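Below is one structure, written out as structure tokens, with a few remarks after it.
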Amino acid sequence: MSTPQPPMPQQAVAAPNWQAAPGTSYTSPIPVTPTHLGHALNSEWTKIKSVRSTMWTLGTFLLLVVGIGFLVAAQTTNEDFTDVPYTIPAFFGLMLGQICLITLGVLVVSSEYGTGMIRTTFTASPQRHRVLTAKLIIFFAVAFVVSAFAIGFVGLITSGMHSSSSNVSWGGTVIMGSLYVSLLGVLALAVGSMLRHSAGAITTMLGVVLVPAIMPAFLMMSDSMRTIGEKMQEYNAPNALARIFRLDTESGHGGAQLGLLAGVTAAAIVGAFVLLERRDV
């Protein structure tokens, strides 16, 4: 009687590796293109035109500049424009309208921090400097175009009411006035990026605009502080706009004030870029 042979050991079969790469590489039918600034610009343009805050702030800005400008122009006579440009009525609307652009500039960046959507933005575009650059470009373009339209429209209305009463060119006031209030908005955007808080940034910008307009009256009461008060009065926002619109032609046409604002805005933008790269979201 034969003894049963022990079963032969079976060779272990390796389990299929489901995570192994396929034999042939996969090529997506969707074209993959590297991202660039144009994509960020398109994204920021979509954001700024789709939120209600843009419509409200720009609508209020146009209402103030055009509405107040029309009321002022209706109360003037032909003799009032013998040596001044037709855009002067827009100056009175810009005194209030600039607050709208400051508010919008802050909200363009701070609203994303408030809702937490800035995390999604930086996930889609890890290059943070590109996002901030796109915000600055889009906001400045929108603010400048809307401001130029409002000031120019007031000039057209005034010239229609008082035709042939002024020979002073007013195209320069449209460009410089729009540039000044747009730079104020860009400065507000940079401050909003640094503070990342809507109320804090708007309050800071109101202080930047209003304090230099109020403080000189108190500083010039003291002889030791008179020089500071005079300089503050010379370069504050109301006086800068007054010179741009030729209300004070003896002290220049606002070029120095515009240059100072451009320098301050550039410094704030540099600070915003530095803090954006160094801080967490």
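The values are calculated or read from the model by the stated rules, or taken from the named source; none is laboratory data. Since the structure is predicted, the reported quantities are computational estimates derived from the model, not experimental observations. Because the Cβ atoms are built from the backbone with ideal geometry, glycine has one as well, and the counts that use them run over all protein chains shown. For accessibility, only protein heavy atoms count, side chains too; no ligands or nucleic acids. Shrake-Rupley method; radii C 1.70, N 1.55, O 1.52, S 1.80 Å.
Quick look at the numbers
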{"quantity": "Any hit, the range 64-77, residues being open to solvent by 100 Å² or more (accessible area, probe 1.4 Å), out of contact with any strand residue (DSSP E or B) (no Cβ under 8 Å at 6 or more places or on another chain) and closer than 24 Å to ASN167 by Cα", "calculated": "yes"}
{"quantity": "Residue count for the range 210-220, restricted to those that are buried (at least 18 other Cβ atoms within 10 Å of the Cβ) and either in contact (Cβ under 8 Å) with a residue 24 or more places away in the chain or of a type in the set (Ser, Thr, Tyr) (or both)", "calculated": "1"}
{"quantity": "Given (1) modelled with pLDDT under 95; (2) over 20 Å from ILE151 (Cα atoms); (3) loosely packed, with under 15 Cβ neighbours inside 10 Å, number of the condition THR249 does not satisfy", "calculated": "(2)"}
{"quantity": "Of residues in the range 52-63 being open to solvent by less than 50 Å² (accessible area, probe 1.4 Å) and in contact with a helix residue (DSSP H, G or I) (Cβ under 8 Å, 6 or more places away or on another chain), the one farthest from THR158 (Cα to Cα)", "calculated": "SER53"}
{"quantity": "Those residues of the range 78-99 which are touching a residue at least 60 places away in the same chain (Cβ under 8 Å), in contact with a Leu (Cβ under 8 Å, 6 or more places away or on another chain) and surrounded by fewer than 23 Cβ atoms within 10 Å (Cβ to Cβ), in sequence order", "calculated": "VAL84, MET95, ILE99"}
{"quantity": "Those residues of the range 123-164 which are within 20 Å of PRO89 (Cβ to Cβ), at pLDDT below 90 and open to solvent by 70 Å² or more (accessible area, probe 1.4 Å), in sequence order", "calculated": "MET161, SER163, SER164"}
{"quantity": "Lone unmet requirement of (1) part of a helix (DSSP H, G or I); (2) surrounded by fewer than 20 Cβ atoms within 10 Å (Cβ to Cβ) for ALA240", "calculated": "(2)"}
{"quantity": "Members of the range 133-147 that are under 11 Å from LEU104 (Cβ atoms) and without any contact (Cβ under 8 Å) to a residue 60 or more places away in the chain", "calculated": "ALA143"}
{"quantity": "The range 29-51, residues that are exposed (fewer than 10 other Cβ atoms within 10 Å of the Cβ) and assigned to a helix (DSSP H, G or I)", "calculated": "GLY38, SER50"}
{"quantity": "The range 186-209 residues that are farther than 18 Å from PHE273 by Cβ and outside any helix (DSSP H, G or I), paired with ones that are open to solvent by less than 60 Å² (accessible area, probe 1.4 Å) and not β-branched (Val, Ile, Thr) (beta carbon under 9 Å, 6 or more apart)", "calculated": "HIS197/SER110; HIS197/TYR113"}
{"quantity": "Test result for VAL174, modelled with pLDDT of 95 or more, closer than 16 Å to LEU62 by Cα, of a type outside the set (S, T, N, Q) and assigned to a helix (DSSP H, G or I)", "calculated": "no"}
{"quantity": "Residue list for the range 254-273, filter: open to solvent by 60 Å² or more (accessible area, probe 1.4 Å) and β-branched (Val, Ile, Thr)", "calculated": "VAL264, VAL270"}
